[in-house]
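Mind looking over this structure? Questions follow.
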């Protein structure tokens, strides 16, 4: 996890969630846990652009490694996997709310 650390706290945050897909993953998981397909569909609807399975998988792995989300695998056939935010991930809610507020204000210019 140290690979995300920087002397600058803003850079540390951007290292963790600084791409468009990670922000949207966190944003969509703030609503609650989701399965892979639900998350893919939800992100694509939010962005109005499809996210590939490979890109979603890579971003989910990175967020799990950073302890932002957790992955729960159910031992059943067919296999079921759910993703949910950790308490650390849920603490990003205020950050995303601030970004949304700023974005709404910016649209007025």
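Coordinate-derived values only; no laboratory data. Fair warning: this is a prediction, and the values are worked out from it, not measured in the lab. Cβ placement follows ideal geometry from the backbone for every residue including glycine, while neighbour counts extend to all protein chains displayed.
In the set (i) 51, 51, 21; (ii) 78, 21, 20; (iii) 51, 34, 23, which value of Cα extents along the principal axes in Å was calculated from the structure you see?
(iii)
Something else now. What number, rounded to the nearest 500 deg cm²/dmol, is the helix-based mean residue ellipticity at 222 nm of the chain, given -39500 (n - 2.57) per DSSP H run of at least four residues and division by all its residues?
Calculated at 222 nm, the ellipticity per residue is -17000 deg cm²/dmol.
Can you give me the relative contact order of segment 12-84 as a percent, contacts being Cα pairs under 8 Å and 6 or more apart?
33 percent
Just to check, using Stokes-Einstein with a Kirkwood Rh over alpha carbon pairs, what's the diffusion coefficient of segment 70-109 at 10 °C and 1.306 mPa s in µm²/s?
124 µm²/s
Fewest first, what order do 31, 90 take by the number of other Cβ atoms within 10 Å?
By the 10 Å Cβ count, ascending, the order reads 31, 90.
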